[in-house]
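Values in this text are rule-based calculations from the coordinates and carry no lab data. Bear in mind that the values here come from a model prediction, so they are computed numbers and not experimental data. Quick reminder, even Gly has a Cβ in these numbers, built from the backbone with ideal geometry, and neighbours come from all protein chains shown.
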Amino acid sequence: MQKQPDTFAPILQQLKIPALNEMQLATIEASQEAADIVLLSPTGTGKTLAFLLPLLTGLEADSKEVQAVILSPTRELALQIETVFKSMKTSHKVTCCYGGHSMRVEVKNLIEPPAVLVATPGRLKDHLKREHIDISNAKLLVLDEFDKSLEFGFQEDMSFIIKNMRKVERRILTSATEAIKIPDFVGAEKPVRLQFMPKKSEIKKLEIKLVRSPEKDKLHTLSQLICNLEPAGMIVFCNHRESVERISDYLSEKNIFHDYYHGGLEQNEREKTLVKFRNGTYQILISTDLAARGLDIPDIKYIVHYHLPSKADAYTHRNGRTARMHAKGSAFLILHEEENIPEYIKSDPKTFYLKNMPPPPAPEWETLYIGKGKKDKVNKIDIVGFLAKKGGLKKEEIGLIEVKDFFAYVAIKRNKIKGVLKNIKFEKIKGKKAKVAVAR
């Protein structure tokens, strides 16, 4: 195994990562010799750090221009990349641009060009056409989850962007799909391919189970399946946004705690949903394939295919949300009695029989919204102190805290919420009055 470069020791310490994994080390080593790299590795294996570290070595401290462009297929992944880069605490500016975000705020951020520009293809193309930013001298290009960008139809946008980058010297392309052709406009003629996709013999930790639905409408079967499983992280995948919301309405009627997620939601709603899923306010997420890749969410114990996708790749990416690293997981296929198992599923799933069981209990956590954030000089330590001293909470009654620019979300034990809100009703955080309420 390659030796971990001492150069990155302070960054890893900052990120609280004890050591780089084999894939990350291989990417760093390859970047020292090859101009272009294609990194093939499953979702959740640390690809973001794998390309950010070698990218960092190519940045010049005194440059006043955009030096690196990172294109991401989704807003969430773009924001995640920006967050990781900021967490590295370098001296380089990073800016993130994406659809659904305020164009005015982005234009203001681009007045002083960032060293690293993270963006979704459509939004960056828009900025370039309006001449808000110049990327002509950028030498580094990263196409993260580029297979997903192609699948989403961003070829034209990416081609336009890359044509505006006239001095590209190095390219890193990441993908969680092996059989993908690199378009000519990318300019990667002879890339080094780093293969870290698991072999079929290694995929043994995921159990595939079949649940037969007596009705073509599978809502009752789904609710019964949820009641039959021990409470744990679960994503229920559907093929359409309308189905996601229909399932959500049904589960709400059954008093089953959950949330839903799809591309039709406003960006702030999508971010809040993921926060609540990460911190345990909801353990069940109903989603389209948008949640299959690239999101910063915890390992999941159960994947439920309410609808099966038409392609094998989509099925694989959904299942990739569970049974990661050394963990075990289960994927459930809900099929009507007349439906057949698709040919792309080679295993013979065992039938999972349902019993009449009560709904799972409410999750132990609830999310609190605090109307102050990083721009108000409020950090996690301030929030813990505020909730402990003024709110009367013990340390173990405070869960995951996520501080944004102008507000923060905090997980609180559900049975403590009313008392906390009463205790801090007239209190200030760091001498400032702030709105504090249950995040809805």
Hz values of 3J(HN,Hα) by residue in the stretch 409-424 - Karplus curve (6.51, -1.76, 1.60), Gly and Pro given as x: 10, 9, 7, 10, 4, 4, 6, 10, 4, 4, x, 5, 4, 5, 5, 9
Restricting things to alpha carbons, find the Rg to Rh ratio for the stretch 6-195 using the Kirkwood radius for Rh. 0.93
Return the whole-Å distance between the Cα centroid of the stretch 238-296 and the Cα centroid of the stretch 114-192. 29
Please report the antiparallel percentage of the DSSP beta bridges confined to the chain, to the nearest 5. 20
Inter-label distance for Asn239 and Glu253, nm, one decimal - labels placed 7 Å from Cα along Cα-to-Cβ: 2.4
Counting other C-beta atoms within 10 Å, and keeping those with at most 14, which DSSP coil GluC sites (Glu not before Pro) do you find in the stretch 252-333? Glu266
Along the Cα-to-Cβ line of Asn415, 7 Å from the Cα, sits a label point; which residues in the stretch 252-281 have backbone N less than 19 Å from it? 257, 280-281
Inter-label distance for Asp296 and Lys129, nm, one decimal - labels placed 7 Å from Cα along Cα-to-Cβ: 3.0
Bin by bin, in steps of 10 Å, what percent of the Cα pairs in the chain do you find, going until the bin that has the longest distance? 4, 19, 27, 27, 17, 5, 0
Test of understanding: what is the full-extension gain from Val438 to Ala61, defined as 0.36 nm times their sequence separation minus their Cα-Cα distance? 131.4 nm
Residues listed by number, the stretch 386-413, amide nitrogen under 13 Å from Lys422 label point at 7 Å toward C-beta: 392
Net charge contributed by nearby residues that have their C-beta within less than 15 Å of Glu151 (K/R +1, D/E -1): -3
So what's the stretch 200-351 giving for Cα Rg divided by 2.2 N^0.38 Å, two decimals? 0.98
Which cross-chain or sequence-distant (5 or more) residues have an amide H under 5 Å from the amide H of Asp36, H modelled 1.01 Å from N in plane? Arg171, Val192
Given the Cα-Cα distance of Glu343 and Lys430 and 0.36 nm per residue of separation, how much length would full extension add, in nm? 25.3 nm
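Under a Cβ-only charge scheme (Lys and Arg +1, Asp and Glu -1), can you give me the dipole magnitude of the chain about the Cα centre, in debye to the nearest 20? Before the final figure, lay out each step's value.
Working: 71 positive and 56 negative charges, 411 e Å.
Magnitude of the dipole: close to 1980 debye.
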Radius of gyration and Dmax over the Cα atoms of the stretch 365-438, both given in Å: 10.7, 31
Helix-only [θ] at 222 nm, the chain, -39500 (n - 2.57) per DSSP H run of 4+, per residue, nearest 500, equals -9000 deg cm²/dmol
Spin-label pair Leu15/Val192, simplified geometry with 7 Å Cα→Cβ offset, distance in nm: 1.9
Using the Cβ atoms and a cut-off under 15 Å, what net charge is assigned to the surroundings of Ser91, where Lys and Arg are +1 and Asp and Glu are -1? +1
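Taking the Cβ-Cβ separation of Arg166 and Asn356 as r and a Förster radius of 60 Å, what is the calculated FRET efficiency to the nearest 0.05?
Taking R0 as 60 Å, the efficiency between Arg166 and Asn356 is 0.35.
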In the stretch 280-307, whose amide N lies under 18 Å from the spot 7 Å out along Cα-to-Cβ of Arg246? List them in ranges. 286-289, 305-307
